[in-house]
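Written below as structure tokens is the structure these notes are about.
Values quoted throughout were computed directly from the atomic coordinates according to the rules given, and no laboratory measurement underlies them. Keep in mind it's a predicted model, so treat the numbers as computed, not measured. Cβ: placed from backbone, ideal geometry, glycine included. Neighbour counts: every protein chain shown.
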Amino acid sequence: MQQQLKDLDKEIENTEHRANICDGECDFGALDSVDKLIGRVQAVKDKLSLKSTLVKIKRKSQIMVVKSRRKG
């Protein structure tokens, strides 16, 4: 369980780092069409959704660890 939490922490940090890079690289001014703009916005949205999901999983795992410690 502890290793899974460490792995989740690392993945969250990596996702946050990639999101920061994405924020710095997102240039919505040089697009050929609205479809390309929508595609880029969707990609950013997907990355942020993944980050949110990982945080929720991590929090749920931490709650489970705390509960199991209380029982033991």
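Electrostatic tally near Lys10: other residues with Cβ closer than 14 Å to its Cβ, Lys and Arg +1, Asp and Glu -1, net -1. Per-residue Karplus couplings for segment 5-16, computed as 6.51 cos²θ - 1.76 cosθ + 1.60 with θ equal to phi - 60°, are listed in order as 5, 4, 4, 5, 4, 5, 5, 5, 4, 5, 5, 4 Hz, Gly and Pro entered as x. Seen from Gln42, the other residues with C-beta closer than 12 Å to its C-beta sum to a net charge of +2, counting Lys and Arg as +1 and Asp and Glu as -1.
Contour minus end-to-end for Val41 and Asp7, with contour as 0.36 nm per residue of separation and end-to-end as the Cα-Cα distance? Don't jump to the answer; show the numbers that get you there.
Working: separation 34, 0.36 × 34 = 12.24 nm, distance 2.79 nm.
Difference between extended and current length: 9.4 nm.
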